[in-house]
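For reference, the structure is listed below as structure tokens.
Here, each number is a calculation from the coordinates, and none is a lab measurement. It should be emphasised that the depicted structure is a prediction, and the values quoted were computed from it without experimental measurement. Note that each Cβ is placed from the backbone with ideal geometry, even for glycine, and that neighbours are counted across all protein chains shown.
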Amino acid sequence: MESAGSFGDTGGVSRRISSPELFGRAAELSSLGAALDDARAGQGRVVLVEGDAGLGKTRLVEYFISQASGIRVLAGGGIPLAVDVPYAPMIEVFRALAVLYPRAGEGLLPRDQPPGTGPLGPARLLSLAAEALRAVAEQLPVVVVVEDLH
């Protein structure tokens, strides 16, 4: 017999129920859309989506990306704060750039040390990432999403 309010066995974990539509975020979606229009026109833009935990930042960005066509999305983040790895939230982005732009591959992901710690350090890493991002964006507009950038 199920208890009142139960919807079957979920293994003790609540399931996320969400609408395919996004309500109450017209202004935010408009700002993101304008940034994407700039990217399609060859103009870079940085957009910061910030707010307290649980406000729907991830959902907003996921919805935006699902509605945008003709773009390449490079995503990173989700690394716990306790992890002491330089550029940890960016590692997945660096990995994707290294695949899409092999010329920068070894510099973005050196085999024997964490990114940005080599002889030329952070300046070389960021220069290579910018070079790779420009080259990749020449083929198709790029959106870089970094979650939990603390």
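Here the Karplus relation 6.51 cos²θ - 1.76 cosθ + 1.60, evaluated at θ = phi - 60°, turns the backbone of segment 44-49 into coupling constants of x, 7, 10, 10, 9, 9 Hz, with x for every Gly and Pro. Evaluating 6.51 cos²θ - 1.76 cosθ + 1.60 at θ = phi - 60° for every residue in segment 130-141, the Karplus couplings come out as 5, 4, 5, 5, 4, 5, 5, 5, 5, 7, 7, x Hz, glycine and proline recorded as x. Under a 5 Å amide H cut-off, with hydrogens placed 1.01 Å from N, residue 147 pairs with 76, 77, 78 among residues at least 5 apart or on other chains. Placing dummy labels 7 Å off each Cα toward the beta-carbon, the span from residue 47 to residue 103 is 3.0 nm.
Once the Cβ-Cβ distance of residue 69 and residue 123 is raised to the sixth power relative to R0 = 35 Å, the FRET efficiency obtained is 0.45. One chain, two ends: residue 58 and residue 34. Fully extended at 0.36 nm per residue, the span grows by 6.8 nm beyond their Cα-Cα distance.
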